[in-house]
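Have a look at the structure below, then the notes.
The values are calculated or read from the model by the stated rules, or taken from the named source; none is laboratory data. This one's a predicted model, so the numbers in the text were calculated from it and none came from an experiment. Positions of Cβ are generated from backbone atoms using ideal geometry, with glycine treated the same way; all protein chains shown enter the neighbour counts. With ligands, DNA and RNA removed, areas are computed over all heavy atoms of the protein, side chains included. Shrake-Rupley method; radii C 1.70, N 1.55, O 1.52, S 1.80 Å.
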Amino acid sequence: YRFIVTTQLADFNKQVHKIPQSIHDISNGDHILGFGVELAEHHPGFHDEEYKKRRSYIGNLAKLHKILFSGEPIPHVEYSDEEIKIWGEILGKLTYLHPTHACKRYLDTFQLFNFVPDRLPCLQELSEVLMMRTGWQIRPVAGLLHPTDFLNAMAFRTFHCTQYVRHGSQPMYTPEPDICHEILGHIPLLADPEFANLVQLIGLASLRASKQEMLHLTKLYWYTVEFGTVKERDGVKAFGAGLLSSFGELQHMLSGEDGSMPIFEDLDPFKKLPKMDHKCGFQKRYFLCENFSDVASKLTAYAKSL
Ligand code: NLE
Ligand code: FE2
């Protein structure tokens, strides 16, 4: 009898989506999607066994990490010369493109970090800077996290970051997150108080969202925090991290040099948003906003409607 009751109870608990009460209720290792160690055939690292081994080593460090309970710092990764070279190349090219392609608020917060090409920063020190500036913290993760866990964690001002470096054959663009994307795309703006609040808003709205609402929130996240653009006096600028960390996509955004000029559209959070595409190259469409307070009021209006 006891067995039947416990089994039924376990099934019941599985069906009910528990609303996380704190970051401790969100796993950083149970729901890793796509990519991971099983790289798909079109991934630049698919045929590189050494690369796959290195990723799974770094990914496992994240899986074992339980900092949030024990107060242990994020594990330190000793990056190889080759990994540092990739970071240095990306940083160098982006430092050249950002002044004309990145939004002003990003350029301001970027200054806080003093990134240099011959040293790949460690997540622990960046987490400490964020904590002091805006109360955000970083949690390491082995790969692309399920959107429910990823967005829910943002409600508790926690940003999941990968720690491995992209494959060296394509530094200008990677289809998935890597540490260069996290540091050069996300971290600077998470040190901006207004932007940091706006990211948390999406997280808060996600806590009680239905499946369908969750998909829409994931798209809102995708078209703002990852690929958002903003109107500035001298033209369109990027604030989305997927743009800011990819010198290939930044060039594509403004010049369409690869032969496919993207479309720009005003963001309306109540309209159906296009399907997200993170495996097939540059975005074909970007959403344009007036400024961060415009993004925040649009997201707030949508969140209130849930
Ligand atoms: N395409 C970006 C880059 O190359 O840095 C990463 C996007 C992750 C969603
Ligand atoms: Fe990202």
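Structure summary
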read-out	value
Residue that is most open to solvent (accessible area, probe 1.4 Å) [pool: residues in region 159-174 that are of a type in the set (Ser, Thr, Tyr) and more than 12 Å from ligand 2 (Cβ to nearest atom)]	SER169
Options CYS280, CYS289: the member that is more than 18 Å from LEU97 (Cα to Cα) and at pLDDT below 95	CYS280
Filter pass, PRO188 being of a type outside the set (A, V, I, L, M) and part of a helix (DSSP H, G or I)	yes
Subset tally (residues that are out of contact with any strand residue (DSSP E or B) (no Cβ under 7 Å at 6 or more places or on another chain), open to solvent by less than 50 Å² (accessible area, probe 1.4 Å) and more than 14 Å from ligand 1 (Cβ to nearest atom)) for region 213-247	5
Verdict on LEU250 being under 25 Å from THR174 (Cβ atoms), within 11 Å of ligand 1 (Cβ to nearest atom) and either surrounded by 13 or more Cβ atoms within 10 Å (Cβ to Cβ) or among the charged types (D, E, K, R) (or both)	yes
Count - residues of region 215-246 that are more than 26 Å from LYS304 (Cα to Cα) and either free of Cβ contacts under 8 Å to residues at least 40 places away in the same chain or within 16 Å of ligand 2 (Cβ to nearest atom) (or both)	9
Pair list, Cβ under 8 Å, 6 or more apart: region 165-178 residue touching a residue at least 12 places away in the same chain (Cβ under 8 Å) and among the aliphatic types (A, V, I, L, M), other residue more than 8 Å from ligand 1 (Cβ to nearest atom) and assigned to a loop (DSSP other than H, G, I, E, B)	VAL165/TYR79; VAL165/LEU120
Cβ-Cβ under 8 Å pairs, at least 6 apart or on other chains, region 111-140 side within 28 Å of GLU82 (Cβ to Cβ), far side surrounded by fewer than 16 Cβ atoms within 10 Å (Cβ to Cβ) and small (Gly, Ala, Ser)	PRO117/GLY92
Exclusive hit being within 24 Å of CYS122 (Cβ to Cβ) and aromatic (Phe, Trp, Tyr), set PHE227, PHE195, PHE239	PHE195
Matching residues, region 74-96, being open to solvent by less than 20 Å² (accessible area, probe 1.4 Å) and within 19 Å of GLY240 (Cβ to Cβ)	ILE90, LEU91, LEU94
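Table: residues versus (1) among the charged types (D, E, K, R); (2) open to solvent by 70 Å² or more (accessible area, probe 1.4 Å); (3) at pLDDT 70 or above.
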position: THR7; (1), (2), (3): no, no, no
position: LYS53; (1), (2), (3): yes, yes, yes
position: LEU64; (1), (2), (3): no, yes, yes
position: SER70; (1), (2), (3): no, yes, no
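One line per residue, one yes/no per condition, for (1) within 22 Å of TYR96 (Cα to Cα); (2) open to solvent by 40 Å² or more (accessible area, probe 1.4 Å); (3) of a type in the set (Ser, Thr, Tyr):
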| site | (1), (2), (3) |
| --- | --- |
| LEU123 | no, no, no |
| GLY135 | no, no, no |
| LEU145 | no, no, no |
| THR148 | no, no, yes |
| ALA153 | no, no, no |
| ARG157 | no, yes, no |
| GLU176 | no, no, no |
| GLU182 | yes, no, no |
| GLY185 | yes, no, no |
